[in-house]
Amino acid sequence: SQQGEEDPQALSIQEGENATMNCSYKTSINNLQWYRQNSGRGLVHLILIRSNEREKHSGRLRVTLDTSKKSSSLLITASRAADTASYFCATDKGYGGATNKLIFGTGTLLAVQP
Amino acid sequence: DTAVSQTPKYLVTQMGNDKSIKCEQNLGHDTMYWYKQDSKKFLKIMFSYNNKELIINETVPNRFSPKSPDKAHLNLHINSLELGDSAVYFCASSQTGGGIYGYTFGSGTRLTVV
């Protein structure tokens, strides 16, 4: 299976703490993306990091990418109760042209306790 | 205005029935997708279309037939529904090649086959 793995499967923290989620994947990639899914809702794109980038920031989010280890991490700083959701990494192999597709990881369920 | 809208949101039907899910995007994207999320939250691509042309068909049973009348619409018709088809189906769209902004997902259609 091409599906990536995320670690941990579930994470429970207190408001104000930082949350770190890790993602490992199996094949070479064009870019890696992180998505959030609130319970019963669709996925929301958070951040995209290209294969030639090592770190990217967006607000309270920090993403790192290590292509030699085929891994990425998502750090959410100063977490809030509203950050409670499932977080998925997704790799885009970039076959070229219109043939790209996202391969999703297994997800991390984050619970932020107020 | 909803960027990617899919209907219905919920669908409960008996085994053997035929049903359709509709999807529309108003983002001007060229590529649209159908993803299936199972009970363990695994997300897997089913189909992608680029400018009304089928690009990806991920070994989906031929009971599933996508149709794209134009690049803003991608519908999914399912014949002879089976219990195992119960899942949440997500429509998504992106610029050709995935773009630099990732995919935009609809809110999902929860299909329950009884």
| request: Sort out for me the strands (runs of 3 or more DSSP E) sitting completely within the range B:1-69 that have 3 or more residues that are surrounded by 13 or more Cβ atoms within 10 Å (Cβ to Cβ). | output: B:4-7, B:19-25, B:31-37, B:43-50, B:53-57
| When the residues of the range B:39-65 are filtered to those that are more than 14 Å from every other protein chain (Cβ to nearest Cβ) and in contact (Cβ under 8 Å) with a residue 12 or more places away in the chain, which remaining residue is nearest to A:THR106 (Cα to Cα)? | B:PHE64
| note | Counting only residues in the range A:102-114 that are buried (at least 21 other Cβ atoms within 10 Å of the Cβ) and assigned to a loop (DSSP other than H, G, I, E, B), the one modelled with the lowest pLDDT is identified as A:GLY105
| task | Please determine, by comparing only the residues of the range B:92-110 that are open to solvent by 20 Å² or more (accessible area, probe 1.4 Å) and out of contact with any Phe, Trp or Tyr (no Cβ under 7 Å at 6 or more places or on another chain), which one is modelled with the lowest pLDDT. | result | B:GLY97
| message | With the requirement that a residue be assigned to a loop (DSSP other than H, G, I, E, B), away from chain B (no Cβ under 12 Å) and surrounded by 13 or more Cβ atoms within 10 Å (Cβ to Cβ), what does the range A:18-51 give you? | response | A:TYR25, A:LYS26, A:SER51
| task | Please state which one of A:THR99, A:THR64 is modelled with pLDDT under 90, over 14 Å from A:GLU6 (Cβ atoms), surrounded by fewer than 20 Cβ atoms within 10 Å (Cβ to Cβ) and of a type in the set (Ser, Thr, Tyr). | result | A:THR99
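The values are calculated or read from the model by the stated rules, or taken from the named source; none is laboratory data. What you see is a predicted model; the values in this text were computed from it and never measured. Counting neighbours? That spans all protein chains shown, and the Cβs are built from the backbone with ideal geometry, glycine included. Only protein heavy atoms, including side chains, enter the accessible area calculation; ligands, DNA and RNA are left aside. Shrake-Rupley method; radii C 1.70, N 1.55, O 1.52, S 1.80 Å.
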